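Notes for the one structure printed next.
The values are calculated or read from the model by the stated rules, or taken from the named source; none is laboratory data. None of these values were measured; they are calculated from a predicted model. With ideal geometry, Cβ positions are generated from the backbone for all residues, glycine too; neighbour counts draw on all protein chains shown.
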Amino acid sequence: MAIIVGKGGKTKMEDKVQLFEDQPIRTAWVEDEEEWYFSIVDVVGALTEQPDTDGARNYWKVLKSRLKDEGNQLVTNCNQLKMTAQEDNKYGTI
């Protein structure tokens with residue numbers, strides 16, 4: 001369980017790993033908002049069948065850049081959440 005300090009004060013966040021077609025997807029449940037958050041890098045990796053996290057991260061970086069160049073507003077500035085990585089450390093992710 002992690003505590004996030006946001007505009008409204010402290011919020012409890014519980015991060016978990018869920019599976020999508022046998023691919024791990026890092027998720028976070030924010031109790032105060034009653035919403036799930038997903039690691040977009042993990043989702044992109046699962047949907048594009050990337051062999052590792054670096055490939056998924058690069059795919060997402062290139063996709064964001066292309067969408068921005070086209071003037072697409074699909075990509076917004078998002079706050080990064082610290083989610084547990086494969087080696088059990090917490091890193092900022094999207």
Taking Tyr37 as the residue in question, decide whether it is aromatic (Phe, Trp, Tyr) and at pLDDT 90 or above. no
Scanning the stretch 1-32 for residues that are touching a strand residue (DSSP E or B) at 6+ places or on another chain (Cβ under 7 Å), assigned to a loop (DSSP other than H, G, I, E, B) and modelled with pLDDT of 80 or more gives Glu31, Asp32
